[in-house]
Amino acid sequence: MTTGVSSQEPIDSAAVKEPSSHTARLTRTELRRRLWHMAPGLLPFVMWYFPHRDPISPTMRGIMVAVVFGLAIGIFAGYRRIRRQGESNQRLAAVAGYAASVLLTLIAFPNDAELGLTVLAILAFGDGSATLGGLLIGGPKLPWNRKKTVSGFFCFLIVGGAMASFIYWGETQMNPEAVPPFATIRTALICGGLAALLAAVVESIPSRINDNVRVGAVAAATVVITHAAIVGGS
């Protein structure tokens, strides 16, 4: 869940046996970790096939809470299978930070479900792709954090920004029961892109706070404020 290699979350020792091979560093544990991290990001696409009232109804909110909570419990219970070597006290913060930032945004802004789903997209695809970029591409380190790579930072920004913007746009355009104002591509790019940019910056800064907590909180605050400034309150 980090860009490249983090001092808080070191990768498996097997990942550095062959430093000349980028793919050798993507261990099975890390691959499982990436899959679990990105899998919840499929939820917005599934929702496109199930028309839902706008604002989302208490029933839909309950379903979304149940799905996210169920995934969180599953990851928490099986965390040892995706835990990196030396990682001992990150499980609760990682799982809770991920789930809470998404659910709280969805519950707090039921008229604008795209806000919570944008946070989910940034956590799943932005934060999730940062490690892949750092491991598979490699390259120079960030000037302000030698534990992380430039490639990982830009993977977070590009993939996270693109997916966040697409999901923000899609929630109003693909849901037949959505009500105006419908998101334009410009609005989606600004809201999703800015949230991904600030989240990528915060994720790259050295901190003792788990990156899921930092990324989720910053992504939520940014997309809510930007949406309010451009679209207005609901």
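The values are calculated or read from the model by the stated rules, or taken from the named source; none is laboratory data. Given the structure is predicted, the values throughout are model-derived calculations rather than measurements. Methodologically, a virtual Cβ is constructed for each residue, glycine included, from the backbone with ideal geometry; neighbour enumeration extends over all protein chains shown.
Things worth noting here:
- For the range 84-95, the criterion of being closer than 27 Å to Ala188 by Cβ, in contact (Cβ under 8 Å) with a residue 12 or more places away in the chain, surrounded by 19 or more Cβ atoms within 10 Å (Cβ to Cβ) and within 12 Å of the chain's Cα centre (by Cα) is met by none of the residues.
- Meets criteria (surrounded by fewer than 23 Cβ atoms within 10 Å (Cβ to Cβ) and farther than 21 Å from Arg33 by Cα) for Gly232: yes
For (1) under 19 Å from Gly126 (Cβ atoms); (2) over 14 Å from the mean Cα position of the chain (by Cα); (3) among the aliphatic types (A, V, I, L, M), each residue gets a yes or a no:
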{"residue": "Leu136", "(1), (2), (3)": "yes, yes, yes"}
{"residue": "Pro140", "(1), (2), (3)": "no, yes, no"}
{"residue": "Pro143", "(1), (2), (3)": "no, yes, no"}
{"residue": "Arg146", "(1), (2), (3)": "no, yes, no"}
{"residue": "Val150", "(1), (2), (3)": "yes, yes, yes"}
{"residue": "Leu157", "(1), (2), (3)": "yes, no, yes"}
{"residue": "Tyr168", "(1), (2), (3)": "yes, no, no"}
{"residue": "Thr172", "(1), (2), (3)": "no, yes, no"}
{"residue": "Val179", "(1), (2), (3)": "no, yes, yes"}
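- Within this structure, Val223 passes the test of being buried (at least 19 other Cβ atoms within 10 Å of the Cβ), among the β-branched types (Val, Ile, Thr), outside any loop (DSSP other than H, G, I, E, B) and touching a Gly at 6+ places or on another chain (Cβ under 8 Å).
- The criterion of being in contact (Cβ under 8 Å) with a residue 24 or more places away in the chain, assigned to a helix (DSSP H, G or I) and of a type in the set (Val, Ile, Thr) does not hold for Val201.
- Annotation note: Cβ proximity below 9 Å between a residue of the range 32-46 that is without any contact (Cβ under 8 Å) to a residue 12 or more places away in the chain and on the phi < 0 side of the Ramachandran plot and a residue that is outside any helix (DSSP H, G or I) and crowded, with 20+ Cβ neighbours inside 10 Å (sequence gap 6+ or interchain) occurs for Leu35/Ile82.
- Residues located in the range 154-204, provided they are more than 22 Å from Val46 (Cβ to Cβ), among the hydroxyl-bearing types (Ser, Thr, Tyr) and surrounded by 24 or more Cβ atoms within 10 Å (Cβ to Cβ): Ser204
- Residue within the range 183-200 that is at pLDDT 95 or above, under 16 Å from Phe153 (Cα atoms) and of a type in the set (Val, Ile, Thr) present: no
- Failed condition for Ser207, given (1) surrounded by 20 or more Cβ atoms within 10 Å (Cβ to Cβ); (2) modelled with pLDDT under 95; (3) of a type in the set (S, T, N, Q): (1)
- Matching residues in the range 96-112 - criterion: being free of Cβ contacts under 8 Å to residues at least 60 places away in the same chain and within 18 Å of Phe45 (Cβ to Cβ): Leu106
- Residue match in the range 127-145 (condition: surrounded by fewer than 19 Cβ atoms within 10 Å (Cβ to Cβ), without any contact (Cβ under 8 Å) to a residue 40 or more places away in the chain and either in contact with a strand residue (DSSP E or B) (Cβ under 6 Å, 6 or more places away or on another chain) or not in a loop (DSSP other than H, G, I, E, B) (or both)): yes
- Failed criterion for Val150 (all others in (1) surrounded by fewer than 20 Cβ atoms within 10 Å (Cβ to Cβ); (2) touching a residue at least 40 places away in the same chain (Cβ under 8 Å); (3) in contact with a Gly (Cβ under 8 Å, 6 or more places away or on another chain) hold): (2)
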